[in-house]
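Any read-out appearing in this document is the output of simple, stated calculations on the displayed coordinates, not a laboratory observation. Computed from a predicted structure; not experimentally measured. Don't worry about glycine lacking a Cβ; one is built from the backbone with ideal geometry, like all the others, and counts go over all protein chains shown.
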């Protein structure tokens, strides 16, 4: 299990637009159609990463709570499926069915251009954008990883989400996410 840190897109960066396939509906979806009224989380995940599997329940709980408050949650899988067939679109559909389809969308980035545009490096790699799609948070979910005994709370992302919703400043001291590297072609 590798341990790759996220690249930490500069705060204030406008979310790069994308047009990606959603395997569940077999349709192409755009960021502009998926963005939330009050904010948007874009996260790079995949099916098999032990770091993503470790935080699965927090991701589901955060989606259930914050989507109701106007924050859309978009997950993107950018892994090379030639080398990692367990991340193929049909497997993405199966995984989301197991998880109860918690996200606004789980998209497949076959070209990896979206991952590159977001400077994504690992799974999970998490970004929070405000209602204007400016980056206000990027980094980890919380301090917990499969390799430590830290409690899994989602504290870092939840604090950013709560401050965004309360129109309060988000702490600019943010810690990179850590996870498996994106499986590049």
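Below, the figures for the structure above:
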quantity	calculated
Estimated inter-spin distance, residue 150 and residue 56, nm [label 7 Å along Cα→Cβ]	2.2 nm
Gaussian network model of the chain, springs between alpha carbon atoms under 10 Å - residue of 64, 169, 75 with greatest fluctuation	169
For region 1-109: rounded, prolate or oblate by the Cα gyration tensor [a/c cutoff 1.5]	rounded
Fewest-first ranking of 144, 111, 6, using other Cβ atoms within 10 Å as the exposure measure	111, 144, 6
GNM result for the chain, Cα springs below 10 Å: residue of 40, 173, 153 fluctuating most strongly	173
Equivalent ellipsoid dimensions for region 115-185 as semi-axes, Å, which come from the Cα gyration tensor, largest first	22, 18, 8
Counting DSSP beta bridges with both ends in the chain, the antiparallel % (nearest 5)	65 percent
Top of 147, 91, 38 by mean-square fluctuation, Gaussian network on the chain, Cα under 10 Å	147
Kirkwood Rh and Cα Rg combined as Rg/Rh, region 4-181	0.92
